[in-house]
Amino acid sequence: MSDNAKRTYESVLDLLPSELNPTPLVRLSHFFKTAKVYAKLEWLGPFGSVKDRVAANLVRDARERGVPIQNLVEPTSGNTGIGLALVSNALGYHFAATLSKAIPAEKRAALRLFGTELYELSDDLCPMPGAPEGAMSKAEELAERPGWTELNQYKNPANPEAHYRTTGPEVWRQTDGQITHFVASLGTCGTITGTGRYLKERNPEVKVIGVHPPTGHDIPGVRALRALALTDFFKPEEYDAVVEIPDEDSYATCHRLHIEESIIAGPSSGLALAGALREIPDEEGVVAVVVFPDNAFKYVSAFRRHLSQLFPPEDAPAPANPFAAHLEAAYRHAEHGPDVVTVAAAAQALDSGVPLVDVRNPEELAAAAIPGAVNVPLSKLSAGKTKGLPKDKEAEVLLICAAGVRSLYALLELKAMGYKNAKSVAGGVAAWSAAGLPLK
Ligand SMILES: Cc1ncc(COP(=O)(O)O)c(C=O)c1O
């Protein structure tokens, strides 16, 4: 039996948050001195985000309605996908996600790691309703195949219901019914609408505040007002305020959370808190809960863009070499060009006194070396250390490595240095050995 008090579980699914196993509330005492404002840390669920609840409830609801599930497909901005991938793994379903290429690489990598079949499309960060080539239409198309089901978090009432059944009761209990303000960022609006409805049923005086970014934003998981208006669960008439926060403030607030409160929140938590700072008075009697949907680690690439002062230029990933394709072409030409010789021709040349330069590393030579060859590792050659090469650039010189790849790069380097009669040995020491030529 799973036991929340001991935090010992029979299945990872038993770790999903519930009234008796809630995600933690942590007071934000640096941001609000008098008001009791708490962050609800949703990444402490089993799969790392607020969407764990939604994924589990979408599946529970479908099973209860008797929908047969073998293969699931879902349009996602990442977190619902991660939740559904892991719930599917636990229950033995196959899972495919359709999503935008603009979603952070970290989230797409996580989905691959968790076994998801990925369809990466041109779309908004949060799938855009009505985009003909977007994640939503692709999921619909894929779901038409026999044996496939789309649970559709954007239209399925089991999304807000997940929060009505779990987030709402948790928050009510964790604040002893004292909550005065509830704040959430807006994506599908499942969080705000489901939790808001529960809280207002318990106490109609609770203020429900939604926070969103501007058009053209860069906060994964949430939507600007225009896109919100197209979604089914955005119910502004049920909220007390809807606030827009520029990305700059969201990222700055997020970083303040890291360094002042030691809370490792992601960008949409910064957005929600920046909204709370605008709307909630720092005064006696206020008890507020702000949902923090997930943590920072999936968004390193986004933080680099928005907090560039923290990342020194030398820490930036090396830019792709625009000439790599040309080097590749030069290699292919050389491979089939006149300066590649067989091991038999090389052995004969070595016998008649032509120098043979082995460009492997010394450790490789220790295992099997050609008698009479000199060793100039390719790394040394590339660094300009040419000791061992003939002084006379008109002289013949043979190059060998393990299988004939490094010697071909060495050939290109020697030609560029002016060695007119350099040759690479095809197949390297492997071919030399297979031909029964002497090794020591
Ligand atoms: C990181 C993040 N923040 C905020 C949200 C918004 O939550 P909701 O869809 O319940 O409005 C999401 C939803 O996917 C999310 O992934």
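The values are calculated or read from the model by the stated rules, or taken from the named source; none is laboratory data. Note that the structure is predicted; figures quoted are calculated from it, not measured. Counting neighbours? That spans all protein chains shown, and the Cβs are built from the backbone with ideal geometry, glycine included.
Miscellaneous remarks
- Of all residues in the range 395-437, exactly one satisfies the criterion of being among the acidic types (D, E) and under 19 Å from L350 (Cβ atoms), namely E396.
- V59 being among the hydrophobic types (A, V, I, L, M, F, W, C) and closer than 21 Å to G266 by Cα: no
- Residues in the range 163-184 that are within 13 Å of the ligand (Cβ to nearest atom) and either touching a residue at least 40 places away in the same chain (Cβ under 8 Å) or within 26 Å of the chain's Cα centre (by Cα) (or both): H163, T166, T167, F182, V183, A184.
- Scoring M128 on the criteria (1) surrounded by fewer than 16 Cβ atoms within 10 Å (Cβ to Cβ); (2) part of a loop (DSSP other than H, G, I, E, B); (3) in contact with a helix residue (DSSP H, G or I) (Cβ under 9 Å, 6 or more places away or on another chain) leaves a single failure, condition (1).
- Residues that are touching a residue at least 60 places away in the same chain (Cβ under 8 Å), out of contact with any Pro (no Cβ under 7 Å at 6 or more places or on another chain) and of a type in the set (V, I, T), drawn from the range 1-40: V26, T34, V37
- Here Y419 meets each of (1) free of Cβ contacts under 8 Å to residues at least 40 places away in the same chain; (2) over 21 Å from Y331 (Cα atoms) with one exception, condition (2).
- The condition (being among the β-branched types (V, I, T) and buried (at least 19 other Cβ atoms within 10 Å of the Cβ)) is satisfied by just one residue among V374, V397, V405: V397.
- Cβ-Cβ under 7 Å pairs, at least 6 apart or on other chains, the range 392-414 side free of Cβ contacts under 8 Å to residues at least 40 places away in the same chain, far side part of a helix (DSSP H, G or I) and surrounded by fewer than 23 Cβ atoms within 10 Å (Cβ to Cβ): A403/A430; E413/L381; E413/S382
- Filtered by the rule that a residue be under 17 Å from T167 (Cβ atoms), of a type in the set (F, W, Y) and touching an Asp or Glu at 6+ places or on another chain (Cβ under 7 Å), the range 27-70 gives a lone residue, W43.
- Qualifying residue in the range 153-162 (condition: in contact (Cβ under 8 Å) with a residue 40 or more places away in the chain, aromatic (F, W, Y), crowded, with 16+ Cβ neighbours inside 10 Å and within 12 Å of the ligand (Cβ to nearest atom)): yes
- Every residue from the range 215-262 that is closer than 23 Å to Y38 by Cβ, polar (S, T, N, Q) and more than 13 Å from the ligand (Cβ to nearest atom): T253, S262
- The range 1-38, subset among the aliphatic types (A, V, I, L, M) and more than 20 Å from R256 (Cβ to Cβ), residue modelled with the lowest pLDDT: M1
- The range 416-440: number of residues that are assigned to a helix (DSSP H, G or I) and touching a strand residue (DSSP E or B) at 6+ places or on another chain (Cβ under 6 Å): 1
- Residue count for the range 251-270, restricted to those that are among the small types (G, A, S), under 14 Å from L28 (Cβ atoms) and out of contact with any Leu (no Cβ under 9 Å at 6 or more places or on another chain): 1.
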